[in-house]
Amino acid sequence: MRSYTAIVERCQDTGLYVGFIPGFQGAHTQAETLDELNQNLREVVEMLLEDGEPVLEAEFIGTQNVVVA
């Protein structure tokens, strides 16, 4: 079993949730609900893993708050 961290945003224009896995080429999708987004991401990752274990281009570390006056 593998675990990946996905970044989730909401598109202001469409209202859809957009998710992607940092550094994992092609691992991105969108959906109307968070549950649907998670399922879509799982399906995309499973499909991409059929070609073998990916070499991640980046590693997710975390988030930071940036305060600007």
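Within the stretch 1-24, can you find the residues that are among the polar types (S, T, N, Q) and closer than 17 Å to ILE61 by Cα?
Just the residues of the stretch 1-24 that are among the polar types (S, T, N, Q), to begin with: 3, 5, 12, 14.
If the condition is that a residue be among the polar types (S, T, N, Q) and closer than 17 Å to ILE61 by Cα, then SER3, THR5 are the ones that fit.
Only a single criterion out of (1) within 10 Å of the chain's Cα centre (by Cα); (2) farther than 14 Å from SER3 by Cα; (3) surrounded by 15 or more Cβ atoms within 10 Å (Cβ to Cβ) is not satisfied by VAL45, namely (2).
Mind listing just one residue for me: the one in the stretch 1-37 that is outside any loop (DSSP other than H, G, I, E, B) and either of a type in the set (Lys, Arg) or in contact (Cβ under 8 Å) with a residue 24 or more places away in the chain (or both) and, of those, farthest from ASP51 (Cα to Cα)? My answer is ARG10.
State which residue is nearest to MET1 (Cα to Cα) when the search covers only the stretch 48-69 and only residues that are among the aliphatic types (A, V, I, L, M) and touching a residue at least 24 places away in the same chain (Cβ under 8 Å). Break it down stepwise before answering.
Narrowing the stretch 48-69 to residues among the aliphatic types (A, V, I, L, M): 48-49, 55-56, 58, 61, 66-69.
Filter again for touching a residue at least 24 places away in the same chain (Cβ under 8 Å), leaving 48-49, 56, 58.
On the way: LEU48: 15, LEU49: 12, LEU56: 17, ALA58: 20 Å.
Restricting to residues being among the aliphatic types (A, V, I, L, M) and touching a residue at least 24 places away in the same chain (Cβ under 8 Å), the top hit is LEU49.
Entry remark, the stretch 48-69: residues being surrounded by 10 or more Cβ atoms within 10 Å (Cβ to Cβ), modelled with pLDDT under 90 and among the aliphatic types (A, V, I, L, M) number 1 in total.
The values are calculated or read from the model by the stated rules, or taken from the named source; none is laboratory data. All values derive from a computational prediction rather than experimental measurement. As a convention, Cβ positions derive from the backbone with ideal geometry for all residues, glycine included, and neighbour counts pool all protein chains shown.
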